[in-house]
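FYI, it's all coordinate maths here, none of it is from the lab. All of these numbers come straight from a predicted model, not from anything done at the bench. All Cβ positions, even for glycine, are placed from backbone atoms using ideal geometry, and neighbour counts span all protein chains on display.
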Amino acid sequence: MRNRPNSKHRIRKPLAPGPERSAIFRRVKQKGTAPEVVVQTLLTRLGVSYSTNVSAMPGSPDILLREHLRAIFVHGCFWHRHPSCLASSTPKRNSEFWLEKFASNVRRDRRKVRELRKLGYRVTVVWECQTKTEGKKAMLERRLARCLEMEEQ
Ligand SMILES: [Zn+2]
């Protein structure tokens, strides 16, 4: 094995479209990803009870606050196209593929919001970049607290 120093350090080529890449895309949206955990921690601190990954609900929101009739989506800036965010760049290679992929993500997100609103839920979108630093987390906590207070008045 010593004679094959490159075997472990090969640079991966970009994946061509196909089943393998599709599988990777599916894995990107995992349950309990770090930004979701940040939001869950803030909600716990605010004393709110919530459910996560509610697949039985239309739109299967990441976090559901039943008592408050509020659904929360925690979106990755790149995949869900956070407007004017540096993280939502478009790769130069295969740009047609990416633009199509992004457009379908955004359409699906809009549809989910509509479905939840029809059921009387209000929807909050938290972007990944809003969970990244302590300062942003503090801002996010204030925003979530405001959302909840408004509903109790
Ligand atoms: Zn962002």
### Query
Extension gain residue 56-residue 134, at 0.36 nm per residue separation less the Cα-Cα distance, in nm?
24.8 nm
### Summary
The convex hull of the Cα atoms of segment 32-152, divided by residue count, gives a volume in Å³ per residue of 111 Å³
### Message
Just to verify a number: FRET efficiency for residue 93 and residue 143, C-beta to C-beta distance, R0 = 41 Å, to 0.05?
### Response
0.70
### Query
Quick one: Karplus J couplings for segment 95-108, per residue in order, coefficients 6.51, -1.76, 1.60, θ = phi - 60°, nearest Hz, x for Gly and Pro?
4, 4, 4, 5, 4, 5, 4, 5, 4, 6, 4, 5, 4, 4
### Task
Answer with one residue from 48, 99, 59: the one whose Cα lies farthest towards the positive end of the charge dipole of segment 32-152, charges on Cβ with Lys, Arg +1 and Asp, Glu -1.
99
### Query
At a Förster distance of 30 Å, what's the computed FRET efficiency of residue 114 paired with residue 49, Cβ-Cβ distance as r, to 0.05?
0.70
### Message
For a protection proxy built on the mean count of beta-carbon atoms within 10 angstrom, sort 102-108, 89-95, 129-135 highest first, please.
### Response
129-135, 102-108, 89-95
